[in-house]
Amino acid sequence: MNDPWYHEDISRPTAEKLLAKAAQDGSFLVRHSESFEGALALCLLYENCIYTYRIFINDDNLLSVQASAGIKSKNFEKMPDLIEYYKQENTGLVTHLRYPVERVEEVEGQAVETGAADVADSPAKTRSDASRILVNEILAQRLEGVDAAALAQAPRGFHKVLCDYIERDVLKDAEHIKATSMNMWQLRLLLSVLTKGLSSELIQTMSTLEASQSLLDNQPSPGGSMQNQIASEAGVRRLLSTAGELNRMLASMDNQVKDYKPEASDTDIEDRHSEIAPVTFEVKLDSFGIFLKLHLKVDIEHGKLIVKKSKDGTEDKFYSHNRILQLIKSQKFQNKLVIMIESEMKKSQRKEYVFTDSKKREGFCQLLQLMKNKHSDFPEPDMINIFIGTWNMGNASAPVDIQSWFLSRGQGKTRDDTAADIPHDIYVIGTQEDTQGEKEWLELIKSTLKDITYIKFKHIATQTLWNIRIVILAKPEHEHRISHISTSSVKTGIANALGNKGAVGVSFMFNGTPFGFVNSHLTSGSEKKLRRNQNYINILRFLNLGDKKLSPFDITNRFTHLFWLGDLNYRVEFPTQEAENIVEKIRQQQYQELLAKDQLIMEKNDKKIFLQFHEEEITFPPSYRYDRDSRDMYNYIKQKATGLKYNLPSWCDRVLWKSYPNVHVMCQSYGCTTDIVTSDHSPVFATFEVGVSTQFVSKTDPNNADSPGTINFLKCEANLKTKSKTKFFIEFHSSCLENLVKSAEGENQESRDENLMVVWSTPPELIPIISDQEYLLDQHILICVKSTDSYESYGEGCIALRANSNEIMFNIPLEHRGEETGTFSGSYKLTISEGKQRERTYDFIQLEKDEMISVKQSKTNTHPELPKTGERSGRAAMRIPSQLVEEAAAKARDRVPLPSLPDNSSKDDSKPSSSIPEGPWSKTPTMSNPRAESPRSPSQDQTPVWMVTNPLYEAIDQTQNSILKKEQAFSRGLWKEAPPTAEKTPNPFLPSANKMAQPVAMKKSNLQALPLVLPPVPQGRCRSYTCSEVRSSAFEKPRAKQAATVADLSQLSAPSLSTRLPILTRPPLPTKSLKVLELQHGVKDYRDSTELPAHTKQHGNEAVGQQTSVS
């Protein structure tokens, strides 16, 4: 249909946007239905609301609008007749059709690409559309895109013969095909001309191969020479026959050479070399501020961590794998690691080690993780490692050596050499413009992995679409764990009928975890960003992977982990005249300035593509467009038949992922190689550590119904971006449910942001098939909000199940066909049977919450959010012993230094405050000048104050007391620093002093509020504590409050010292009298003078000394 109101396969949200833009009652359009295959949807705007009517085609090919029960529908032979009928008034619609909304014909100067469903589901329509496209024009366009350098290498006259075929002869072949004749005579004639002389060269090559084959085979093949067996046919058939015989001969010789290898050698080599040799790391042990040089040796095969004083020395001590409880990585110091070790007394010991750099620390953690996995008592893994690689091969053959790609070596975030030999569990390799045969490419990958790991990896799946290919291999021990393998492909080339652009995908189940992998090659050209976005939407809709029961959901919600890789072809948006500046910024590694104009990042931030997908930070140079056979120069000028074309260096090759909420996934490396130079693209690699669920077997009797598990949704609300006034219901999908569950209709309410709010006061109760805690905490609930009239989805989302005695709140985004459609919020309560939760392997490594980071988060994070991807799972606290967690967390917090505060005590003080050293490798740590802080009143903090029994001592807040303990964790080396200068504070009893202190107070009022920091508190003997003697806040009170009691003076505090001070056990000093305070804080300020009176100088030194000793 060429009618302007027919929009073919646009999405429902796009149709609503077009109607909202029309903004006239009676505006309408027709699109394909999303809920019923083969049906159409009539969308009508009336009173700022959109009404949708389904149009069905019956067995007699008659069209009719769906009517209510008991009402006979009217049939039409053609769609224009139906539209003309409903343009009349009072025909059963909410209003008659008046204004057709025309479709947008062009995007970026070229025709809009519609959905690929027409190609797959409607062959008659595909032929009709293809007949409207001139074949010679399409081929002429493709010929213009051929690289001029490739045409220059072709024989003389090749370009002219090809042009003649496109202009004249291709139409003749098209007529032959239309007449049901499969013989394309003109194409055969063209191939005969182009391959002239090739047949004779093949026969000569075959004679030499036959002589070589006779050396390997003592029994000659019957019938004499292969040359005599070739049929004496002329033209292309003889050439194909010769090439086929040559291919079989080469394969036969390859098999004969392989047969000469002893059968047992491969097994012996694999058993001998698959073991990982012990690796030694040079570290420094932090022992009470003193750093000792040590060597840690990781012996994976024997499950031991060996500690030695020298690299080649004898073994001092070792810890078995079961005694290593946890690794805690510091976020502030990237080379610092805490190891929690179980002592002989069944208590945990904390060992702090500092590595030479962060990569060594990561390699050490990966080796210990592998050691824990290998010696685990559980038969099924709960965490696996995945390698993902993508490479546009540029229509060139791959080099013999591609090991650096699989070893993640090159530029960017790479693996340390100590962990490079660790084999991954699954390898996913995606290629584009790959002209090699499937078998040839697979053998190269398997042989490369065997050379690296000495393991024969098992082939899981391969899917190819033209020159786009994805290959997946896995360790042999995982072969029985992988099931439900599915493959699919989608064409997004010209008219969505050509496979030069598109995507291939593979999905499977690993035990109980569904995985999806998509390799795509999107439309090229810097100016074709919108077309690439449309390619992405089409792939989402038509790539048929995963569980077929989840038909309402696209591939982004069908898998626990979905990885998207390939040549996405998104460029950097700079003018062509900026090419030299771009290259210069790349040389200077100023990638962030270029990434600010990266099309993929900008479109993703605008929520147009890859909603809720993640990508590791890019720290490697653009992978395109290099000069072939080199990585020293970007060849960004391309000579084409139509003139010069600029291809600015860009990050075309990417790896992104999306996982269900509250599951473990961590990107360990992301970069590109530097030594594979056969293509103008560099291969890109990424490695991941992901959590998986096991094939669960319930430990309870299934017939015992005393405590069945339930999932009770207490209240649900959907905020939908729609103008529709239909009713909605919810579908609940999950592998833990026997069948999908539908809710009742929700109540529509108006929203403040002009969206539609739908409320379900009593959602249905969900009964899981297994109520064990270990099983349910690995499950997720997929929800789909659908309309009651058209059964079309208005948004899909995913909810993670968590255990809690109280109700659990959630607020998740909704999306449909790659577009954001609203939010879904509410609460639920999970009732499950009691049971011990299995300790997860990925919880073995945790991130330490440094004080500086936690202070920032306390200011910025006002609402709780799900754990970010890259951090450990939020369920980690439940899966390790509670005593160990509390002890490890407490010790980790006590060891973290507080950030130093600048000294703002004097306006003329220009002495710079030194910061905390970068790491423990620094020999002479420094100390910053302290600043006096007055504690907040209990009414401001709204926290209970703990009062000591002695009335002479001050009140201490419990939260302040915890901060005091943290501040005592500073290095002993800070004692060598000069004592800080006491801050100038106004005296409440001296008016002149108050005047002098006013400018300072005004300056402080303009400063940003800093975190409250109090000095360390010495421990008293009589179950009481005291604070320092330097007062500040009370002195700022008016003179009218001179009769303040000792309790009033108890709110004074000393300046914070960024030092590590020992806990004193001597009795506390009494509070100073008012007379002493008057003498100490005189009218004249001597701090800026080089000469001090004897008595004043003596008092000042005493005060400082007293402050240092007491605090």
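The values are calculated or read from the model by the stated rules, or taken from the named source; none is laboratory data. Small disclaimer: the values here were computed from a predicted structure and weren't measured. All Cβ positions, glycine included, derive from the backbone under ideal geometry; neighbour counts span all protein chains shown. Only protein heavy atoms, including side chains, enter the accessible area calculation; ligands, DNA and RNA are left aside. Shrake-Rupley method; radii C 1.70, N 1.55, O 1.52, S 1.80 Å.
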Accessible area of residue 49, 1.4 Å probe, to the nearest 10 Å²? 20 Å²
With 5 Å bins from zero, work out the P(r) of segment 437-529 over every alpha carbon pair and list the percent per bin. 3, 13, 19, 18, 19, 13, 8, 5, 3, 0
To the nearest 0.05, how large is the calculated FRET efficiency for residue 806 and residue 323 if R₀ is 45 Å and r is the Cβ-Cβ distance? 0.80
Taking r as the C-beta separation of residue 584 and residue 459 and R0 as 41 Å, the FRET efficiency to the nearest 0.05 is 0.35
Spin-label model distance (nm) - residue 847 vs residue 750, 7 Å beyond Cα toward Cβ: 4.4 nm
Two-site label geometry, residue 58 and residue 438: point separation in nm, points 7 Å out along Cα→Cβ: 4.6 nm
A correct Stokes-Einstein calculation for segment 411-450, using the alpha-carbon Kirkwood radius, 37 °C and 0.692 mPa s, returns a whole-number D in µm² s⁻¹ of 263 µm²/s
Within the under-12-Å Cβ sphere about residue 827, not counting residue 827, Lys/Arg +1 and Asp/Glu -1 give a net charge of +1
Whenever you get a sec, compute what percent of the accessible area on segment 518-593 sits on carbon and sulfur atoms (1.4 Å probe). 45 percent
Against the rule of thumb 2.2 N^0.38 Å, how large the Cα Rg of segment 334-438 comes out: 1.46
Please grab the % of Cα pairs in segment 6-65 that end up more than 17 Å from each other. 36 percent
Here FRET efficiency (C-beta to C-beta, residue 67 to residue 759, R₀ 41 Å, nearest 0.05) is 0.85
Contour minus Cα-Cα distance for residue 742 and residue 346 (0.36 nm per residue): 137.4 nm
Sort all Cα-Cα distances of segment 553-692 into consecutive 5 angstrom bins from zero, then give the percent of pairs in each bin up to the one containing the longest distance. 2, 9, 17, 20, 19, 14, 9, 6, 3, 1, 0
Accessible surface of residue 79 - all protein chains present, 1.4 Å probe, nearest 10 Å²: 10 Å²
Could you list the residues of segment 434-458 with an amide nitrogen less than 16 Å from a label point located 7 Å from the Cα of residue 635 in the Cα-to-C-beta direction? none
Determine ³J(HN,Hα), in whole Hz, for all residues of segment 392-406 in sequence, where each value follows from phi through the Karplus function 6.51 cos²θ - 1.76 cosθ + 1.60 and θ = phi - 60°; x replaces Gly and Pro. 8, 7, x, 6, 10, 6, 6, x, 5, 9, 10, 5, 4, 5, 7
Roughly what would the spin-label model give for residue 21 and residue 401, points 7 Å off Cα along C-beta, in nm? 5.6 nm
Taking N as the number of residues in segment 278-361, what is its Cα Rg relative to 2.2 N^0.38 Å? 1.05
